[in-house]
Amino acid sequence: MRVMGRSSRLALGLTLLLCGCSKVVSDDDVQSAYKSTDELAAVFEAAMTAIVAVADEIEGENFGEAGPACAARAGDQACQSGTRAYQYANCVLNQAGDQLAGESRLEYSNPSCSLEAPGASAVRAAALTRQSRAGLIRVSTAPELDYQRRVTGGGAKVTRASSGAFELDVLGLHKSLEGRYALSIRSLTPTTISTAAGLLERNGRVLRGGNIEVAHNAARYTATLALGDLGYQASCCYPTSGRVDIRYTGTVSGTGSVNFTGCGSAVFTALGRQTELQFRSCD
C-alpha cells in the first residue's frame, strides 16, 4: 500500500486519535486529519480490496504482487468436507519485503466445494496480518464492535443466483493499519458479480449495484459506498472501469466519488477536492 505524505500536524493528530487520547485533540484537529484527501483515499483503497477478496480467494487469483512463496490461495487447495484453507507463515509478499501471516478459509454450503447449483454459497473467513513498510495491516472476520457499538463479523459470502451470476454479501470484516485506520465493513444491500464464463474470475468480472458501509472506528465516521458497474481485467485486482459514489456521515460529512480509469488508477473526488490515485495493495 502506498505511504502518503502528510504534515507533522496531521501525523500528530492521527497518533493521538488512534492511541485513545482523543480528549486532547480538538474537533478542528479531527476534521483536519481525516478530511485529508490522501487519508480518505487510503480508507477507500483498503475497503475496496477487502470487499472483493472472497471472489479472488475462490478463483485462486494472485495478490498481484506476490512471489512464489505467497502465491497460493485457499481456493487452490483440496476440498475437505466443504472447506478449503491456506496458512501463510510470514512469506515474503513483494520486493519491498512485506510479510504475510495467518489463515484464509473458505466454507462452502456444498460438501464438494461446488458453486454450480443455484443457492450454493461460500463464505470467506480470514485472520491475516501483513507487516509492511507502512506498518502492520490486520484483516479479521471475527465479530468486533464498531464505533457505534454494533457487532460486525462473519466474513464475506457469495451465493449462486438462478440467473447464473453471484450475489456478494459482506457479512462483516475488519481491516486496520496501525497509526492510520481501523475499519469495519459490511453490506447494506447485496452486490451482483457476473462474468461471461459464469465464474468469479477477474477476467470480465463486473460488480453491479449494492451499498457497502465502511465505519472508520478511530475517526468515528462512516463512508457508504454505492457501487456502479465496476469492470475488471484478468491481471488486475482493482476495477479498471466504473464509478463508486460515496456518502460520508459522522465526524466527516459530505459526498465523494471514485472513477476508475485503468488498472490501479482512478480519479478521487471528496469534499470539493480532486486527486489522481494509484492503488498498489491487493488485499
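Coordinate-derived values only; no laboratory data. Quantities reported herein were computed from a predicted structural model and do not represent experimental measurements. Cβ sites come from the backbone with ideal geometry, for glycine too, and all protein chains shown count toward neighbours.
What the table below lists for this structure:
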| quantity | calculated |
| --- | --- |
| Overall Cα dimensions of region 113-190 - principal axes, largest extent first, Å | 44, 29, 16 |
| Exposed GluC sites (Glu not before Pro) absent: longest stretch of the chain, with sites in DSSP loops and at most 14 other Cβ within 10 Å deemed exposed | 1-115 |
| Net charge contributed by nearby residues that have their C-beta within less than 12 Å of GLY60 (K/R +1, D/E -1) | -3 |
| Sequence-separation-based contact order of region 186-226, relative, with Cα cut under 8 Å and 6+ spacing, percent | 37 |
| Dipole of the chain, positive end: most advanced residue of THR240, GLY179, SER81 [Cβ charges, Cα centre] | GLY179 |
| Long-range Cα-Cα pairs in region 142-283 (distance over 23 Å), rounded percent | 38 |
| On Cα atoms only, tilt of 37-51 relative to the major axis of the chain in degrees | 20 |
| Angle between the chain longest axis and helix 8-18 axis [Cα atoms, degrees, rounded to 10] | 60 |
| Long-range amide H partners of THR261 with built H, under 5 Å | ALA266, VAL267 |
| Taking the chain and dividing mean pair separation by its residue count, relative contact order in percent (alpha carbons under 8 Å, at least six apart) | 14 |
| As computed over the chain, the Cα convex hull volume per residue (Å³) | 117 |
